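Okay, handing you the structure first.
The values are calculated or read from the model by the stated rules, or taken from the named source; none is laboratory data. From a predicted model like this one, the values you see are computed outputs, not experimental measurements. Don't worry about glycine lacking a Cβ; one is built from the backbone with ideal geometry, like all the others, and counts go over all protein chains shown.
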Amino acid sequence: MSDQPKIPDLSAMPFETALKELESIVAKLERGEVGLEESISIYERGEALKSHCEVLLKKAELRIEKVIVGNDGKAKGVEPFVD
Amino acid sequence: MSDTSLTNAPEFSVSELSGAIKRTMEESFERVRVRGEISGYRGPHSSGHSYFALKDQNAKIDAIIWKGVFGRLKFKPEEGMEVIATGKITTFPGKSSYQIVIDQIEPAGVGALLAQLEERKRRLAAEGLFAPERKQLVPYLPEVIGVITSPTGAVIRDIIHRISDRFPRHILIWPVRVQGETCASEVANAIEGFNSLEPDGNIARPDVLIVARGGGSLEDLWGFNEEIVARAASMSEIPLVSAVGHETDTTLIDFVSDLRAPTPTGAAEFVVPVRSELLLGLGDLASRLANAALRLHQRRVIELRSVIRALPVAESLLSIPRQRLDLCAVKLPTALRAGVDKRRIALSNEIRRFHAQSPQMQLIRYRERLNSNNQRLHASFNAYIKQMKQINLNDFSRLKAVTERLKTTLSQYVHNEKVQLINTHSRLRAALSAIIVLKRQANLNNTLMLKTGYLRLQPTFTQVIERKKLQINNLWKMLNTLSHKQVLARGYAIIWDGEGQALRSAVKVLDGMKLSITFSDGDVKAVAGEGQTSSLPKKPVQISKPGQGNLF
């Protein structure tokens, strides 16, 4: 399954899912129960997952906004929140 | 006077009447709950008891809280407060008054609110709004966090602070009033507003919502107990974390939220993980991944090498078959001739064996065998004879020797036995004569003892006999003096009946009865009565029976 897309698109994958998959790949490789071809492909996927998680963790930017509520009670827009 | 005669109603004393009233009142209002406003309360009296009144627009009742009860009250009375008091009605006969002795007191407003809240909870629970299967999972690492709270105050600051500490994120605040009349509708609107945001719209749609408020009184938190808030929270498609009041405060929204945090900072902790820990964990995983892959690869390389080492060299595989081939190639040209020669030799051998089986040859062989057998027979017979001779000679000489030995042994044996017998005999004789001497001695002793015993016994024996004789004589004399014969000698006689029985009474003597009289000097036969003798003495007795009167 992981062979089909050469560059798997992980951008939509939530952090926790990626982390869990990475953990299972590491466990599998550590047990050494995989064939050569599979070990290479899952290693590659593990690398990709690791990078994806890193990307998600690096996007640690604090942005605080306040919703501007319109007369109809709906959100009209946002403005920077100043305490 | 005429009035008293008109009625026979019993006459009470004041005390009796007051007592009866007291009993009646206390029995009828054993324990009551009464709602009213506290009036005239000035704190506990110096005695520690509290005296005040409960009133409403039309009536008033005195109230007492005893010192002991007052200390235990969760809620202390305040002047003018609407309360629900629980207690006992008693009377005070000394003043003709009655009062309530309060043991529990609660604010009427709160009680009503709580009752309303309980009712709402029951209704929403019945609708299934609190069901565990309605709860959504809160995302592990949200991109955007929507916070519904007051934009001012400690709560939002605490949340922002905690989130930026753990994992800086995009925080979107929907400002609401967290207290007062409009609180509930604003909160409900905010929840709906966040949910109605498009996923890819101008305003980022949150991945998780936090509804937060700091601690406060029940009335302060009341907005979060309103049904519209609870319903909006339960309808929210975005997972919702509630953090209203302190940990001990539970509001209606807590029952419908997907996760209840004890405090606003607690909510921040539930919503984002700690980034540094995740980075650490990820780094660890990455190195484990690389190591595991490397080890796996190295293991394969080692396995491959060892397999290669075990693989034989191609040359060595071929060398043996090649050697065999060369050998065969050399042998091939000579092999044909050798084969023919081998067969020729075999043929000539066969011919020789065939000749050997001819009748003449067989005859010669049989003759040879016969001759040889004959010779062996002669030889063995001679040997046998010789052996036999030898044996006879040997046996005779051995027999002689044995006989000689037997003879000497026998005579020796006889001699020995004789000597032993003689010895035994002489010992036996000596023993016998010794025994005889001993016995004779013993006999002699016994005879002596017997004689002495006899000599000692004789005088004693004669004495005993003399004594016995004397005793017998004495006894004989005594017997004679006591005998009836002495009585007879004095002139008495004994009269016997025919049967030989002594007659002791005249009555027993019948007329004509045969009698026998014994005197000292002899017996006389006699007949009773007039001297008529009867040959059948019993008969006259039988006949005379009816005429017994005649006898008298």
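Checking B:GLU247 against (1) among the acidic types (Asp, Glu); (2) buried (at least 19 other Cβ atoms within 10 Å of the Cβ); (3) not in a helix (DSSP H, G or I), which test does it fail?
B:GLU247 satisfies every listed condition except (2).
Okay, next question. Please indicate, with yes or no, whether at least one residue in the range B:218-231 is at pLDDT 90 or above, assigned to a loop (DSSP other than H, G, I, E, B), among the hydrophobic types (A, V, I, L, M, F, W, C) and touching a Ser or Thr at 6+ places or on another chain (Cβ under 6 Å).
no
Within the bounds of the range A:42-64, is there any residue that is surrounded by fewer than 19 Cβ atoms within 10 Å (Cβ to Cβ) and more than 20 Å from the chain's Cα centre (by Cα)?
So far as the range A:42-64 goes, no, none of its residues is surrounded by fewer than 19 Cβ atoms within 10 Å (Cβ to Cβ) and more than 20 Å from the chain's Cα centre (by Cα).
Please tell me if B:GLU118 is under 22 Å from B:GLY216 (Cα atoms), of a type in the set (Asp, Glu), out of contact with any helix residue (DSSP H, G or I) (no Cβ under 6 Å at 6 or more places or on another chain) and assigned to a helix (DSSP H, G or I).
Yes; evaluated as a whole, the condition is true for this residue.
Return the total of residues in the range B:156-205 being closer than 14 Å to B:PHE224 by Cβ, hydroxyl-bearing (Ser, Thr, Tyr) and modelled with pLDDT of 90 or more.
So the count comes out to 1.
Only residues that are in contact with a helix residue (DSSP H, G or I) (Cβ under 6 Å, 6 or more places away or on another chain), away from chain A (no Cβ under 11 Å) and either surrounded by fewer than 22 Cβ atoms within 10 Å (Cβ to Cβ) or not in a helix (DSSP H, G or I) (or both): list them for the range B:150-179, please.
B:ASP158, B:ARG162, B:ARG177, B:GLN179
With the condition kept exactly as written, say whether any residue in the range B:274-284 is modelled with pLDDT of 90 or more and not in a helix (DSSP H, G or I).
Within the range B:274-284, one or more residues are modelled with pLDDT of 90 or more and not in a helix (DSSP H, G or I).
Identify, by number, the condition in (1) part of a helix (DSSP H, G or I); (2) under 60 Å from the mean Cα position of the chain (by Cα); (3) not charged (D, E, K, R) that B:PHE130 doesn't meet.
(1)
Select from the range B:200-217 the residues that are away from chain A (no Cβ under 12 Å) and part of a loop (DSSP other than H, G, I, E, B) and write down the one among them that is nearest to A:PRO80 (Cα to Cα).
Only one residue fits best here, namely B:ASP200.
Mind listing whichever residues of the range B:180-193 are within 8 Å of chain A (Cβ to nearest Cβ) and either out of contact with any helix residue (DSSP H, G or I) (no Cβ under 9 Å at 6 or more places or on another chain) or among the charged types (D, E, K, R) (or both)?
The one that is within 8 Å of chain A (Cβ to nearest Cβ) and either out of contact with any helix residue (DSSP H, G or I) (no Cβ under 9 Å at 6 or more places or on another chain) or among the charged types (D, E, K, R) (or both): B:GLY193.
Another question about this same structure. Out of the residues in the range A:45-80 that are more than 8 Å from chain B (Cβ to nearest Cβ) and in contact with a Ser or Thr (Cβ under 8 Å, 6 or more places away or on another chain), which is nearest to B:ASN195 (Cα to Cα)?
Filtering the range A:45-80 for residues that are more than 8 Å from chain B (Cβ to nearest Cβ) and in contact with a Ser or Thr (Cβ under 8 Å, 6 or more places away or on another chain), the one nearest to B:ASN195 (Cα to Cα) comes out as A:HIS52.
Moving on to the next point. Would you check if B:ARG134 is over 20 Å from B:LEU252 (Cβ atoms) and more than 9 Å from chain A (Cβ to nearest Cβ)?
no
Kindly provide the set of residues from the range B:19-74 that are of a type in the set (Asp, Glu), in contact (Cβ under 8 Å) with a residue 24 or more places away in the chain and surrounded by 13 or more Cβ atoms within 10 Å (Cβ to Cβ), ordered by number.
B:GLU26, B:GLU37, B:ASP62
Would you confirm, using the coordinates I've provided, whether B:GLY94 is out of contact with any Ser or Thr (no Cβ under 8 Å at 6 or more places or on another chain), closer than 25 Å to B:GLY71 by Cβ and surrounded by fewer than 16 Cβ atoms within 10 Å (Cβ to Cβ)?
no
Hey, another quick one. For B:ILE302, state whether it is modelled with pLDDT of 90 or more, under 60 Å from the mean Cα position of the chain (by Cα) and of a type outside the set (Gly, Ala, Ser).
yes
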